[in-house]
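The structure under discussion appears below in the form of structure tokens.
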Amino acid sequence: MKKLFSLLLALAMLLGCMSIASAEIDPALIAAAQEEGELIVYGSCEEPYLAAAAKHFEELYGIKTYYQRLSTGEVQAKISEEAGNPSGDVWFGGTTDPYNESAKAGLLMAYEAANAADLASPMYRDADGYWYGIYKGILGFMVNTEELERLGLEAPKGWDDLLKPEYKGLVWMSNPNTAGTAKLVINTMVQLKGHDEAMKYFVELDKNVAQYTKSGSGPSKKVGIGECVIGIGFLHDGIAQILSGYDNIALVIPEEGTSFEIGATAIFDGCVHENAAKLWVEYALSPECVELADDAESYQFLVINSAKQPAAVEPFGLDPNNVIDYDFEDAKNNTTQYVQDYFEAIGDAADGRFKTE
């Protein structure tokens, strides 16, 4: 009787939620997820978006949804320590390099999502279904124009400019041990310069870095107030700061070329609420979920065909396709080694500047 009631409830919700692109979802999956009754989400996007997505999922399906905001590196470390017995069910948001490392380590569960058919390109998913893309973000710099003017400096135009001695103590980047953004920076330089030259580059860059933040969005949050003059990160984080009132921030796309993140979602292998986790993935691949980002001050480019792009991004003129041909396979196979090589290259010089809290 309980299963029948759950099935009828699922059908009623499907009919009542016509705006969600989940008509292809098996009603039996919804019923099974509702019978489990709970879902635990670890989110690596910004907390307002995570909270909005989790709350709306709970409203749609009547499944109690708990969430915690952690950087991608923190999630990766947590599920690695839990070794197939994860305390959470799904991962939401954050760049895919840590997702790929986790998939390679057997920590993610493959699932063939019906709503993946609405992705704009096959590149926005793992071929085996270990993760699915929900948004795309462009890597670049955010600069405080007032501080640069006060110091009599021009804004950097590209990656190599960041090595100029006049920028000593002005650059902020995130910590590769905790932030997927920093891992993407490492992979980007390897792909632009080659491995050995990239490591030499980071040794020189380190001389100008004042702080390595725990989160990839950390530098962007300090640019407007002038604590950070040049922040390396995703430009949508800079847009969020500009739209919050900091008109002294300018965005820079590196002239040598730049890469991009695919913000993803995935299921943890061995999770307790497997059906609710599968339902979450279907939900995350719908306009009903991803369009919440705009009102939650998350201004990434959406990679779902039927979703409406955030209107707030349009005036900034960013082209989501003006990026390098990022080698995801190389990143998947070698990110762990590249990060190790990075820390070996810079040695002990950066002690005290790598933030983990």
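Between the Cα long axis of helix 2-16 and the first principal axis of the chain there is an angle of about 60°, rounded to the nearest 10.
Please work out which option in (i) 1.05; (ii) 0.99; (iii) 0.94 gives Rg/Rh (Cα atoms, Kirkwood Rh) calculated from these coordinates, and answer with its label. Given (i) 1.05; (ii) 0.99; (iii) 0.94, the structure-derived one carries the label (ii). Pairs exceeding 27 Å between alpha-carbon atoms, taken from LYS104/LYS207; LYS157/LYS222; LYS55/LYS104; LYS193/LYS332; LYS221/LYS332: LYS104/LYS207; LYS55/LYS104; LYS221/LYS332. Comparing ASP237, ASP327, ASP97 in a Gaussian network model of the chain, where Cα atoms under 10 Å apart are tied by springs, the biggest mean-square fluctuation is seen for ASP327. The residues of the chain expose, per residue, 40 Å² of accessible area to a 1.4 Å probe.
In a DSSP loop and with at most 15 other Cβ atoms within 10 Å, the GluC sites (Glu not before Pro) in segment 236-336 are GLU255, GLU256.
Please give me the summed charge of the neighbours of ALA250: other residues whose Cβ is under 12 Å from its Cβ, Lys and Arg +1, Asp and Glu -1.
Result for the neighbourhood of ALA250: -4.
Going through segment 269-350, which trypsin sites (Lys or Arg not before Pro) have at most 15 other Cβ atoms within 10 Å and a DSSP loop state?
Of the trypsin sites (Lys or Arg not before Pro), the ones in loops of segment 269-350 whose Cβ has at most 15 other Cβ atoms within 10 Å are LYS308.
Highest mobility in the GNM of the chain, judged by mean-square fluctuation with C-alpha springs under 10 Å and restricted to ARG150, ARG125, ARG69, is found for ARG150.
Just to verify a number: FRET efficiency for VAL272 and LYS355, C-beta to C-beta distance, R0 = 30 Å, to 0.05? According to the calculation, E is roughly 0.40.
Split the accessible area of segment 21-165 by element, probe 1.4 Å, and carbon with sulfur accounts for 50%.
Placing unit charges on the Cβ atoms only, positive for Lys and Arg and negative for Asp and Glu, gives the chain a dipole magnitude near 480 debye about its Cα centre. In this rough spin-label picture, where each label sits 7 Å from Cα along the Cβ direction, the LYS64-ALA28 distance is 2.8 nm. Averaging sequence separations of C-alpha pairs under 8 Å and six or more residues apart, then dividing by the length of the chain, give the relative contact order as a whole percent. Relative contact order, the chain: 27 percent.
Sorting THR145, THR335 by accessible area puts them as THR145, THR335; the probe is 1.4 Å, largest comes first, and only protein heavy atoms count. Estimated from the Cβ-Cβ distance and a Förster radius of 25 angstrom, the FRET efficiency linking ARG150 and ASP247 is about 0.95. Name the most mobile residue of LEU29, LEU139, LEU50, meaning the one with the largest mean-square fluctuation, in a Gaussian network model of the chain with Cα contacts below 10 Å. Judging by the Gaussian network model, the answer is LEU29.
The values are calculated or read from the model by the stated rules, or taken from the named source; none is laboratory data. Since this is a predicted model, take the numbers as computed values, not measurements. A quick note on method: Cβ atoms are made from the backbone with ideal geometry, for glycine too, and the neighbour counts reach across all protein chains shown. Side chains are part of the model used for accessible areas, which takes the heavy atoms of the whole protein and leaves out ligands, DNA and RNA. Shrake-Rupley method; radii C 1.70, N 1.55, O 1.52, S 1.80 Å.
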